[in-house]
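Structure first, commentary second.
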2 protein chains.
Amino acid sequence: MGGNDPASGGTAAADDLLCRRRRALAASYRLFYDEPVHLVRGDGCWLFDADGERYLDAYNNVAVVGHARAEVVDAMYAQAARLNTHTRYLSEPVVEYAERLLAHFPAHLAQAIFTCTGSEANDLACRIATSWTGRAGFIVTKNAYHGTTTATAALSPSLHADTPASVRTVAAPNPREEGAEAAGRFAADVTAAAERLHADGVGFAGLIVDTILSSEGVWAEPRGLLAPAADAAHAAGGLVIADEVQAGFGRLGDGMWGFARHDLRPDLVTLGKPMGNGHPISGVIGRRDVFDAFGSRERYFNTFGGNPVSAAVGLAVLDVIERDGLVAHAGATGAHMRAELTDLASRHPGIGDVRGSGLFLAVELADPETGAPASERTARVVNEMRRERVLISATGPSGNVLKIRPPLVFDAEQSVLLSRALDDALTATEA
Amino acid sequence: MGGNDPASGGTAAADDLLCRRRRALAASYRLFYDEPVHLVRGDGCWLFDADGERYLDAYNNVAVVGHARAEVVDAMYAQAARLNTHTRYLSEPVVEYAERLLAHFPAHLAQAIFTCTGSEANDLACRIATSWTGRAGFIVTKNAYHGTTTATAALSPSLHADTPASVRTVAAPNPREEGAEAAGRFAADVTAAAERLHADGVGFAGLIVDTILSSEGVWAEPRGLLAPAADAAHAAGGLVIADEVQAGFGRLGDGMWGFARHDLRPDLVTLGKPMGNGHPISGVIGRRDVFDAFGSRERYFNTFGGNPVSAAVGLAVLDVIERDGLVAHAGATGAHMRAELTDLASRHPGIGDVRGSGLFLAVELADPETGAPASERTARVVNEMRRERVLISATGPSGNVLKIRPPLVFDAEQSVLLSRALDDALTATEA
């Protein structure tokens, strides 16, 4: 996928844009695909390039209620034309949005703080956990990704090799290899890592875990998988931070949040990506006593966090999710899609596993003989799919897991298009 | 000002909203004023409360081109109705915006990375400086504020007392007390602090400085004030990060950036607050070689940073600033306002100093007898101004500096209203 500075976008216009982009934007900016896609318009699950070609978006969870969704765009416009300001003045939208959002959480998660990106939400959650426990050590999974700030990049071993002394990594549960032992082994590792943090004098502040384990290769089953580790973290005196930036807002098809699938009782929950359908909004939902202590010890103010426009956008997204029954829709469409992918697996021996939940599905590619991760083929499949004008990506420690994570308005017909394109891409990459 | 949970917003409706707000939002949320303002609408430099009362906004720099500015709201709508996505696909708006923005910078600051908040921009700039130098130590001024992430809060001694070993604080230049020695003394302190960081084994990565020294009490004069310290930082092997989150985008009335006033040659410049007129957008502008090195060593991707809607908004703000000549306007209106404030000072002995640049002005209140900071009176003046329906705030290590920082479209007539209200507030708080 990624591609360091691909050579060409195809047309002269795309070449020119690519050249200007390389000049003006820092080297950190990378493009998907060997041949980048130059997008100009979106509509529902469809994206259109500069030549008017249509792409099926089976990857972008951010546009949760569909690209350019009218209700969201209109709500943003109406509020922006009226007032945008910060939370040091009283205003209705942030309060209304917080109330509406909190209604989707268990009672012990009673209050909200709004931020602008998933990184900011995770960074703040860790500041709060450090303040609450008086300790600085965190436990993350070995290939975790939790953000791009200094503190959250340190909690993201998937970004780089060196992890500071205040961060301990544990192998994510892998039910495929470990079977029924996965949850217990993961919990035992959390206990041991917390003990090491205490012994090192760093102390254990919390366990932060992506409830769909996305960068670990997407692990959703069995239900309850993460509960013993959360219990272990609590027993060791730390907080449990459920990172719902990827799993949240109904994607898993059986409720709004991934932590509920696993019967977790998190102390803090972080939200991001789909929250504003592309508008920069994120947040931390948590226990009132934990927030009270943080508020009395530290000053925190985020100029843009919870501004009336962001709140109106968040509210419009929530309205659509509720009114259109998108959680149940994700469950039904996801089940449909999973059946198709499982059928593909019966015909393509290169598919080692199909897993996930709702509209967060994963197709693991492995060598049919040896079972070794088919990382290089996975990249070719993603690029082949792009040529067939279906957008997906890859994940996992070995990059051999196709990540399928479309807007929640994806329908059964689009699911058929996706499976057919994948069928073709698998055939094309068989040699 | 702030007020921890004031008792009442006046009306029953405001009381009810306040009560709901306390229930749903974390304790960190604080309101301005003894009696909070409940805002529902904005227009230019005017804000309106729920009862239709009108307030003159002489404080909110974020709404740089005026509240609910039509060109900005329309540009946001047009792009959001078309496409919002991330930078892993090619798209025009982020490239065009970067080019247009970079045209306002000296040639050695050649590339951009977009983020969503000023905190994210400063956090990233520090990651980049650490990566470039291979060292982790930063120098900030004693009462600096650079953000709310874990890393930038550590660089913000104005937020709390304990600063980690990797952060050294130096007294900000205070030309009022130090006279012509201020710049040289500040530079000498930077050299000494860098030496201590090197000696401690932490190493010196960079000097980060707010070019208007806002939280230090607003220090704009003399021009060149910060240049010797920047030279000292470079001589000690560190990078210079100019924090333009508050000073940038023409506010100082004589150019787009505060660093240019002081003939600084920063390696990285951070932008925020006014960049999107309230839309969450921020960025880092920097040297290509520094960005290249970071890009080759670290992975950085910000899902919302530089999305097409944010870019369209940033572009619309820049358009208005350029087309309406708001930099020159800020210079002219600021000079007018400063003359009025200086006139006030001749009649109110409690005014110890009037200073600043363009439309970032400061009025320092001191005991006329002892010269001691009149912190308590300053809070009373801010609340009295609110009762007169003019919004300002206070800053400085002792909280005795009135901060006047209106949208740049503030005009001469509004400046007269502001001075009259301040005249009255000073009279009302004389006893």
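Laboratory data are not the source of any read-out in this text; all were calculated from the coordinates shown. On a predicted model such as this, the values are computed, not experimentally measured, just so you know. Cβ atoms come from the backbone with ideal geometry, glycine included; neighbour counts cover every protein chain shown.
For A:Gln111, the residues whose modelled amide H falls within less than 5 Å of its own, excluding neighbours fewer than 5 places apart on the same chain, are A:Gly286, A:Arg288.
Here the peptides A:275-285, B:145-155 are ranked by packing, the mean other Cβ count within 10 Å, and the order with the highest first is A:275-285, B:145-155.
How much FRET efficiency would the formula 1/(1 + (r/R0)^6) give for A:Thr370 and B:Arg297, where r is the Cβ-Cβ distance and R0 is 35 Å, rounded to 0.05?
FRET efficiency, A:Thr370 to B:Arg297: 0.55.
Just going by the charge dipole of the protein assembly as shown, with Lys and Arg at +1 and Asp and Glu at -1 on Cβ, which of A:Ala312, A:Ser415, A:Asn174 is farthest out on the positive end? Toward the positive end, the furthest listed residue is A:Asn174. Over all Cα atoms in region A:361-431, the spread is summed up by Rg and Dmax: 12.0, 38 Å.
Note on region B:50-128: the alpha carbon radius of gyration divided by the globular reference 2.2 N^0.38 Å gives 1.44.
Per residue, the average separation of C-alpha pairs within less than 8 Å and at least 6 apart gives region B:70-323 a relative contact order of 30 percent. Among the residues of A:203-212, the average count of other protein chain beta-carbon atoms within 10 Å of the residue beta-carbon is 0. When cysteine pairs in chain A are screened for C-beta atoms closer than 4.7 angstrom, the residues that find no partner are A:Cys19, A:Cys45, A:Cys126. For the pair B:Glu413/A:Asp51, report the inter-label distance in nm, with labels modelled 7 Å from Cα in the Cβ direction. Between B:Glu413 and A:Asp51, the simple spin-label model gives 5.7 nm.
With its label point defined 7 Å out from Cα along the Cα-to-Cβ axis, A:Ala171 lies at 5.9 nm from the matching points of the other copies, in increasing order. Placing a label point 7 Å from the Cα of B:Ala188 along the Cα-to-Cβ direction, the distances to the matching points in the other copies come to 6.4 nm, shortest first.
Sorting the segments A:117-124, B:122-129, B:165-172 by their residues' average number of neighbouring beta-carbon atoms within 10 angstrom, most packed first, yields A:117-124, B:122-129, B:165-172.
Shown for B:Glu221: label points 7 Å from Cα along the beta-carbon vector, and their distances to the equivalent points in the other copies, 7.4 nm in ascending order.
Label separation (A:Asp263 vs B:Glu71): 6.0 nm, computed from points 7 Å beyond Cα along the C-beta direction.
Calculated on the Cα set of the protein assembly as shown, radius of gyration then Dmax: 26.7, 90 Å. Over 30 Å apart at the Cα level, from the set A:Lys273/B:Lys273; A:Lys142/B:Lys273; A:Lys142/A:Lys403; A:Lys142/B:Lys142, are A:Lys142/B:Lys273; A:Lys142/B:Lys142. Counting Cβ atoms of other protein chains within 10 Å of each Cβ in B:69-81 and taking the mean gives 5. Note that chain A shows a convex hull volume over its alpha carbon atoms of 146 Å³ per residue. Using the Karplus relation 6.51 cos²θ - 1.76 cosθ + 1.60 with θ = phi - 60°, the per-residue 3J(HN,Hα) values for region A:18-32 come to 4, 5, 5, 4, 5, 6, 8, 9, 4, 4, 4, 6, 10, 10, 6 Hz, with x marking Gly and Pro.
About the Cα centre of region B:109-207, how large is the charge dipole given +1 on each Lys and Arg Cβ and -1 on each Asp and Glu Cβ? Please answer in debye to the nearest 20.
120
Each Cα pair under 8 Å and six or more residues apart adds its separation to the average, and for chain A the resulting relative contact order is 21 percent. Overall dimensions of region B:90-244, expressed as equivalent-ellipsoid semi-axes from the Cα gyration tensor (√(5λ), whole Å, largest first), are 26, 19, 16.
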